[in-house]
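Notes follow once the structure below has been shown.
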Ligand SMILES: NC(=O)c1ccc[n+]([C@@H]2O[C@H](COP(=O)([O-])OP(=O)(O)OC[C@H]3O[C@@H](n4cnc5c(N)ncnc54)[C@H](O)[C@@H]3O)[C@@H](O)[C@H]2O)c1
């Protein structure tokens with residue numbers, strides 16, 4: 001197992017990609033702090049981990065709220081006695097709109113949750129990892145953080161910010177034994193995509209070179225690899241997991 005006797009923290013782990021990551025880390029032996037804004041969904045992830053004989057505990061946190069985010073690392077240490085790795089997964093999309101129609105409130109929501117939330121979470125994790133002299137972080141970015149995103153400008157700007165944060169902090173802390181990487185998912189079949197009619201899903205899949213939608217487990221696999229010692233000489237990368245979309 002990759003993470004025996006280690007502890008992990010995953011934000012937005014109540015559903016989709018975050019849940020798949022939490023399940024995967026637990027299956028690899030990590031004790032997992034499952035965090036989300038949706039308490040019921042978070043508790044369900046914990047129950048799934050426990051049903052598979054893993055260890056997990058739930059802590060509510062809206063990543064846009066600094067106090068709630070800052071309580072996560074102390075909770076991990078109180079609960080499991082340690083924190084070795086973190087996955088900053090929370091991020092919110094929006095309805096596509098031309099830039100001239102986007103309200104300041106819509107812009108702020110995207111930036112607050114997706115970029116500021118990742119910053120706040122990463123900042124509190126870094127304070128702990130610097131003190132203990134090691135740690136590993138994966139931020140969940142997006143292809144929207146690499147390429148143009150017409151009609152999704154706030155989301156694209158926020159995810160480009162997440163990529164910049166990842167690369168900058170990776171260099172800042174490389175000498176201290178802390179690695180910071182990002183995973184950039186392509187189209188992954190979580191709630192939003194899963195709820196589309198089969199025809200629409202097939203349309204999306206047809207545009208992907210591998211001719212299928214990604215699954216949350218595809219992102220969990222890449223995240224587990226980057227967090228683990230198997231990636232011990234890898235920091236500051238943005239790993240696309242997109243079936244070849246941006247190749
Ligand atoms: N699904 C995709 O195709 C795709 C593609 C690229 C990037 N991503 C990124 O992956 C991440 C997860 O996406 P997903 O598709 O699994 O989402 P999802 O909608 O399936 O799950 C999102 C989870 O986030 C929680 N959440 C929402 N706002 C939050 C907040 N402010 N604080 C804490 N938790 C919050 C929700 O309660 C839910 O449990 C996001 O950062 C998203 O931008 C997803």
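This table checks each residue for (1) within 12 Å of the ligand (Cβ to nearest atom); (2) in contact (Cβ under 8 Å) with a residue 60 or more places away in the chain; (3) closer than 18 Å to residue 135 by Cβ; (4) buried (at least 17 other Cβ atoms within 10 Å of the Cβ).
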| position | (1), (2), (3), (4) |
| --- | --- |
| 36 | yes, no, no, yes |
| 45 | yes, no, no, yes |
| 50 | no, no, no, no |
| 72 | yes, yes, yes, yes |
| 78 | no, no, yes, no |
| 85 | no, yes, yes, yes |
| 99 | no, no, no, no |
Inset, instruction - Among the candidates 57, 64, 7, single out the residue that is modelled with pLDDT of 95 or more and closer than 28 Å to residue 160 by Cβ. - result: 64
Inset, instruction - Could you list, in sequence order, all residues of region 1-52 that are in a helix (DSSP H, G or I) and within 15 Å of residue 224 (Cα to Cα)? - result: 17, 18, 19, 20, 21, 22, 23, 24, 25, 26, 27
Legend entry - Residue match in region 218-234 (condition: modelled with pLDDT under 95 and in a helix (DSSP H, G or I)): no
Legend entry - Residues (surrounded by 15 or more Cβ atoms within 10 Å (Cβ to Cβ) and more than 17 Å from the chain's Cα centre (by Cα)) located in region 87-97: 94
Inset, instruction - Report yes if residue 148 is free of Cβ contacts under 8 Å to residues at least 40 places away in the same chain and part of a loop (DSSP other than H, G, I, E, B), otherwise no. - result: yes
Legend entry - Residue list for region 208-217, restricted to those being within 20 Å of residue 145 (Cβ to Cβ), in a loop (DSSP other than H, G, I, E, B) and touching a helix residue (DSSP H, G or I) at 6+ places or on another chain (Cβ under 6 Å): 213
Legend entry - Filter pass, residue 63 being in a loop (DSSP other than H, G, I, E, B), near the ligand (Cβ under 9 Å from one of its atoms) and touching a residue at least 12 places away in the same chain (Cβ under 8 Å): yes
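The values are calculated or read from the model by the stated rules, or taken from the named source; none is laboratory data. Values in this document were obtained by computation on a predicted structure and should not be read as measured data. FYI the Cβ positions are ideal-geometry reconstructions off the backbone, even for glycines, and counts take in every protein chain you see.
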